[in-house]
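Since the structure comes first, as structure tokens, the remarks are kept for the end.
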Amino acid sequence: MTHDHAAQRRFAVDVLEKLRAAGHTAYWAGGCVRDELLGLIPKDYDVATSARPEQVRDLFGKRRTLAVGAAFGVIVVVGPREAGTVEVATFRRDADYSDGRRPDAVVFTDAEEDARRRDFTMNALFYDPTRRQVIDYVGGRDDLERKLVRAVGDARLRFQEDKLRMLRGVRMASTFGFTLDGDTRAAIEAAAHEILVVSPERIAQEVRGMFNKRGAATAVGLLLALGLARAILPEFHELSAEHQSLGLAVLELLDRHAVFDPAVVLAALLFQTPEAAATANAVLRRWRMSNDEREQVVWLVKNIAALEGAAEKKWSALQPLLAHEWGGHLVTLAEARAAATEQPLNDVKYCREKLGLPRGELDPPPLVTGDDLVRHGLKPGREFAGLLQAARSAQLDGEVRTAAEAIALVDRLRAG
Ligand code: ATP
Ligand code: MG
């Protein structure tokens, strides 16, 4: 999904111009306008228009459009390969919300009403790149300048309609380093206990969005303060104040070291919980996160303590952790924890040096493999695995230096 930004932007201008030439009103809308005004590069460009979905399809041709969200007024227009796609949505307002999450239907309308259905004023701006004109029906520009996340319209009502907006508000505040407006904040506090009507997958997606960029510590601080953490992450909410602040301090350090990985952030939140590995497993299952994400968080919380006293450990005990694909993250996490608790940093320094070794030294090829042992007359099984492991440890600890010495060791162990 990485496209050439200049090409993407040019195509998004072309789409507007084509809609205008056909007599429709059309603007860029939402996140892309916010990002451009903040001097950031938008991930993608969304267009809002007076044209109806059928008109959009007719104008751009069936072959270059996808009607995936036509019922909600959304047509995807496919651009040149390097430009990607642009979503073109007809100005709309939402009909009733009955489930606290999604509108039951949409009604096509004008630009102003389309702005008013959006969640936050900073996300409710339109932009005309040709005339360099911002169209602002909700005071979003001022709020952007004041770095304020403010719900459009009556905050309580807006969070009643769609509870997911509470998490989006936290994400907007943490990502951009903005403040939540007072009314917006109070409305979230009042509705926080209802957040669980949002599906676990959508909660997880927002949480990922908070933890994969700068601001994870701010996000968690807000989730705690607003009462959202109590509902979505009780495991962290229930920790003592001391443990919570250690978790937050670790997150600050991860931020400072530009570690923006949701799995590492989650491990930092969960490693102090009772039965941390089982707890991490349960949290990530609850959020239907991927097996890979889950295994990573569980591995990190399980092994963070194993780096204590690293410099005094046998290399065969430490090496499997450092050579592991997540070894770098483990050391970063241990380092942040040590720094936050003002522990000496010699163990993590030692680990960092080891991590800096050339791969062949950090993780040398084994002197003997399972195949070698089979050829030597052993049968696969539990003893076999133990012998192979013993040979590997002896190799790492420098007790055997050649394949012959390793095999000799295996023979001694079998005999004795
Ligand atoms: P991101 O940078 O994460 O994509 P975004 O604001 O662009 O942030 P999108 O999910 O892409 O988020 O949504 C695009 C726009 O649609 C938003 O800017 C906002 O105007 C509107 N929007 C999205 N979700 C909601 C919602 N739950 N309620 C109201 N408006 C929403
Ligand atoms: Mg977006």
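The apolar share of the surface of the chain, taken as the fraction of accessible area on carbon and sulfur atoms (1.4 Å probe, ligands and nucleic acids excluded), comes to 49 percent.
Rg and Dmax, both from the Cα atoms of region 119-174 and both in Å, are 12.2, 37.
Explain nothing, just the number: dipole magnitude of the chain about its Cα centre with +1 on each Lys and Arg Cβ and -1 on each Asp and Glu Cβ, in debye rounded to the nearest 20.
Numbers: 57 positive and 60 negative charges, 145 e Å.
Dipole size: approximately 700 debye.
Shape verdict for region 147-232, please, from the Cα gyration tensor: rounded (a/c under 1.5), prolate (a/b greater than b/c) or oblate. Note, shape of region 147-232 comes out oblate.
What is region 21-170 by shape, rounded, prolate or oblate, if you read a ≥ b ≥ c off the alpha carbon gyration tensor as root eigenvalues and call it rounded for a/c under 1.5, prolate for a/b larger than b/c, and oblate otherwise?
Values: a/c = 1.79, a/b = 1.25, b/c = 1.43.
Judged from the Cα gyration tensor, region 21-170 comes out oblate (a/c at least 1.5, b/c at or above a/b).
With every protein chain kept in place and ligands, DNA and RNA left out, what is the accessible area per residue of the chain? Probe 1.4 Å, answer in Å².
That works out to 48 Å² per residue.
Region 113-153 and region 52-89 have their alpha-carbon centroids 24 Å apart.
Among the trypsin sites (Lys or Arg not before Pro) found in region 103-132, those both in a DSSP coil and sparsely packed, with 16 or fewer other Cβ atoms within 10 Å of their Cβ, are ARG131, ARG132.
Given the -39500 (n - 2.57) contribution per DSSP H run of 4+ residues, what per-residue ellipticity at 222 nm results for the chain, rounded to the nearest 500 deg cm²/dmol? List each step's numbers first, then the result.
Details: 23 runs with 226 residues, N = 416.
Helix-only estimate at 222 nm: -16000 deg cm²/dmol.
Our note on the geometry: Cα centres of region 344-397 and region 157-171, 51 Å apart.
Please work out the Cα convex hull volume for the chain and give it in Å³ per residue. Let's see the in-between values first.
Numbers: hull volume 78.2 nm³, N = 416.
Dividing the Cα hull volume of the chain by its residues yields 188 Å³.
Rounded to the nearest Å, what's the spacing between the alpha carbon centres of region 275-295 and region 299-326? Just the number, please. Between the Cα centres of region 275-295 and region 299-326 lies a distance of 21 Å.
The values are calculated or read from the model by the stated rules, or taken from the named source; none is laboratory data. Because the structure is a prediction, the values reported are computed rather than measured. Cβ: placed from backbone, ideal geometry, glycine included. Neighbour counts: every protein chain shown. In case anyone asks, the SASA skips ligands and DNA or RNA and just uses the protein heavy atoms, side chains included. Shrake-Rupley method; radii C 1.70, N 1.55, O 1.52, S 1.80 Å.
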